[in-house]
Amino acid sequence: MVRRAAHGCFVHLRALLETGNSCRADCLYCGLRRGNSSIERYSLEAHTIVDIVSRAASGGFRTVVMQSGEDAGRGPEFIRDVVVSIRDCVEAALTLSYGEWPAAVYGMWRRAGADRYLLKFETSNRELFAFLRPGRTLDQRLACLRFLREAGFQVGTGFMVGLPGQTLDDIANDLLLLHHLDPDMAGIGPYIPHPATPLAQSCREWNCAIRSEDSVLGNFCSAEMTLRCLAIARIMNPSLHLPATTALETSLADGHLRGLSAGANVLMVNVTPGFCSRNYDLYPGRHVGNDEDPRVLWNRYEGLLAREGYMVSPDRGDGKGNGASWE
Ligand code: 5AD
Ligand code: SF4
């Protein structure tokens, strides 16, 4: 009801392009961590990225999200040049999700023409954050979010639900931190154990507060808890853009639709070429790009949403906070 009052029956479709899977970070939960030698690393060429983004935009998507691991090899200038090329020929809103960088890099990407940036805080528990993300701190992460806002980005953040060691108090604090940060967008998704990560391997030693073994995927409770978090986040932040995340769709039958019923108003549609997306191995069972034309995907989602009583939003779905000061 709160979603309906703020967003009507409209759902924003965002095209997601995973431009590369190399990462300098070593997060204990993530399959892209640099310590995972079992995946093949890729990096899309600039002309391929521009081509796919252009096709997504002409296929109907009014936002394209470009994401990769924190790839130090390519360098921030590479992304800047790609953004400039995209801006020359594409009108759609452009969201970047490239991890933690100095304020000057964020400023450079913003000036090149990127509109939005996605950087989840992952968990509001300082100790858990530092444990899960070796060498990183929650304070650094929050400083990055501040830099992004100061650079004039519309900012997205969010957290994972059901992390080993995460308590219900932590999740309540995640929701409070989210509200305090007052972002334009928030990705809230279930943690899905990845067998090639230390976290999944050592999980049994942890006190997993809400994880249960009684479902097919072993993380049923995380997904159910995610639905509750989406509903609470929606009530706390009526105008927030809230995707029904890919991780939710992966871990729950009809996860997208159940996410929308719980209060989400955004769906991410993967337009990454299949051979790359298979190696964008954040967690197992992910719905990967399958080389379909973006327009075909757009039409399919539009039909699926119409059957459920939703309409694809005709506008870009900008946030309220473009350029606003932080805090
Ligand atoms: N389960 C769920 N989400 C994950 N992410 C990374 N690893 C996992 C996992 N095992 C999410 C994080 C990160 C984004 C790139 O993917 O929230 O921000
Ligand atoms: Fe890299 Fe992000 Fe995965 Fe961490 S969560 S290893 S920063 S891709």
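When the range 62-78 is filtered for residues that are more than 16 Å from ligand 1 (Cβ to nearest atom), open to solvent by 10 Å² or more (accessible area, probe 1.4 Å) and either touching an Asp or Glu at 6+ places or on another chain (Cβ under 7 Å) or more than 24 Å from G135 (Cα to Cα) (or both), the ones remaining, listed by number, are R62, E77, F78. Residues satisfying the criterion are absent from the range 107-123 (criterion: surrounded by fewer than 22 Cβ atoms within 10 Å (Cβ to Cβ), modelled with pLDDT under 95 and away from ligand 2 (no atom under 16 Å from the Cβ)). Counting the residues of the range 126-145 that are open to solvent by less than 40 Å² (accessible area, probe 1.4 Å) and assigned to a helix (DSSP H, G or I) gives 9. Of the candidates G59, G113, G107, the single residue that is away from ligand 1 (no atom under 16 Å from the Cβ), in contact with a Pro (Cβ under 7 Å, 6 or more places away or on another chain) and small (G, A, S) is G59. Among residues of the range 287-297 being closer than 15 Å to Q67 by Cβ and surrounded by fewer than 21 Cβ atoms within 10 Å (Cβ to Cβ), the one that is nearest to ligand 2 (Cβ to nearest atom) is V288. Checking each residue of the range 6-22 against the condition of being over 19 Å from the mean Cα position of the chain (by Cα) and of a type in the set (F, W, Y) gives at least one match. A single member of Y280, Y301 is part of a loop (DSSP other than H, G, I, E, B) and aromatic (F, W, Y), and it is Y280. Among the candidates T157, T137, the residue that is within 16 Å of ligand 2 (Cβ to nearest atom), among the hydroxyl-bearing types (S, T, Y) and touching a residue at least 12 places away in the same chain (Cβ under 8 Å) is uniquely T157. Taking first residues from the range 32-49 that are loosely packed, with under 13 Cβ neighbours inside 10 Å and partners that are not small (G, A, S), the Cβ contacts under 6 Å between residues at least 6 apart in sequence or on separate chains come to E40/N279. Contact map, the range 83-98: residues that are over 19 Å from L44 (Cα atoms) paired with residues that are of a type in the set (V, I, T) and in a strand (DSSP E or B), Cβ distance under 7 Å, separation 6+ or inter-chain. Pairs shown: A92/T63; A92/V64; A93/T63. Within the range 151-193, the set of residues being in a loop (DSSP other than H, G, I, E, B), open to solvent by less than 10 Å² (accessible area, probe 1.4 Å) and within 16 Å of ligand 1 (Cβ to nearest atom) comprises G162, L163, P164, Q166, P183, Y191.
The values are calculated or read from the model by the stated rules, or taken from the named source; none is laboratory data. Keep in mind the model is a prediction, meaning the values are calculated, not measured. All Cβ positions, glycine included, derive from the backbone under ideal geometry; neighbour counts span all protein chains shown. Remember, those area values only see protein heavy atoms, side chains included, never the ligands or the DNA or RNA. Shrake-Rupley method; radii C 1.70, N 1.55, O 1.52, S 1.80 Å.
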